[in-house]
Amino acid sequence: MPDPEKLSRIKQIAIPVHDVSTAKRFYANVLGLRHLFDAPPALSFFDCGGVQLMLAGPDAQGKDGNQQHPVLYYDVTDIKAAYERIVRAGAEGLHEPHVIARMNGREIWIAEMSDGQGNIVALMSDVAG
């Protein structure tokens, strides 16, 4: 049985962009990625071979938006246990596991840590709500 705390698959990549409409045209028309949905006012989602690509415009980037880097969201089964293990191992916890969306009887959970190099390492879990 797989370890529910192990990081082995990237579920989503968040890419900060200056203009969501312009970025959507590039990712759809130039790269040919399939558009999944928008989450107004500043998010747009694409499928990239089973990995979700999230374009995050300025309104979604927070106070440090102009300094943000892409964020990898690792898919985990037990987000609370994985977060605790990683923080105990030495990562700086930024946001404890919490629900960000409820859709179709499912809950989307995320948690964030720092890699100590100015990057965010995120965990993501999709569970029955």
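Annotations for the structure displayed:
- Flag if E84 is without any contact (Cβ under 8 Å) to a residue 24 or more places away in the chain, assigned to a strand (DSSP E or B) and not basic (K, R): no
- Filtering the range 40-57 to residues that are β-branched (V, I, T) and part of a loop (DSSP other than H, G, I, E, B) leaves nothing.
- Top-ranked residue of the range 40-81 - restricted to ones that are loosely packed, with under 13 Cβ neighbours inside 10 Å, modelled with pLDDT of 90 or more and out of contact with any Lys or Arg (no Cβ under 6 Å at 6 or more places or on another chain), ranked as nearest to A101 (Cα to Cα): G50
- Taken over the range 87-114, the residue count meeting the criterion of being of a type in the set (G, A, S) and either part of a strand (DSSP E or B) or touching a Pro at 6+ places or on another chain (Cβ under 9 Å) (or both) is 4.
- Boolean, F37 is assigned to a strand (DSSP E or B) and surrounded by fewer than 14 Cβ atoms within 10 Å (Cβ to Cβ): yes
- Here is the figure for the range 81-110: residues that are within 15 Å of K6 (Cβ to Cβ) and within 16 Å of the chain's Cα centre (by Cα) total 2.
- Taking (1) part of a strand (DSSP E or B); (2) of a type outside the set (A, V, I, L, M, F, W, C); (3) more than 13 Å from the chain's Cα centre (by Cα); (4) buried (at least 17 other Cβ atoms within 10 Å of the Cβ) in turn, Y27 satisfies each apart from (1).
- Check on Q68, over 23 Å from Q52 (Cβ atoms) and of a type outside the set (D, E, K, R): no
- Counted residues, the range 114-129 - those being in contact with a helix residue (DSSP H, G or I) (Cβ under 6 Å, 6 or more places away or on another chain) and within 15 Å of V71 (Cβ to Cβ): 1
The values are calculated or read from the model by the stated rules, or taken from the named source; none is laboratory data. Here the structure is a predicted model, which is why all the values come from computation and not from measurement. Quick reminder, even Gly has a Cβ in these numbers, built from the backbone with ideal geometry, and neighbours come from all protein chains shown.
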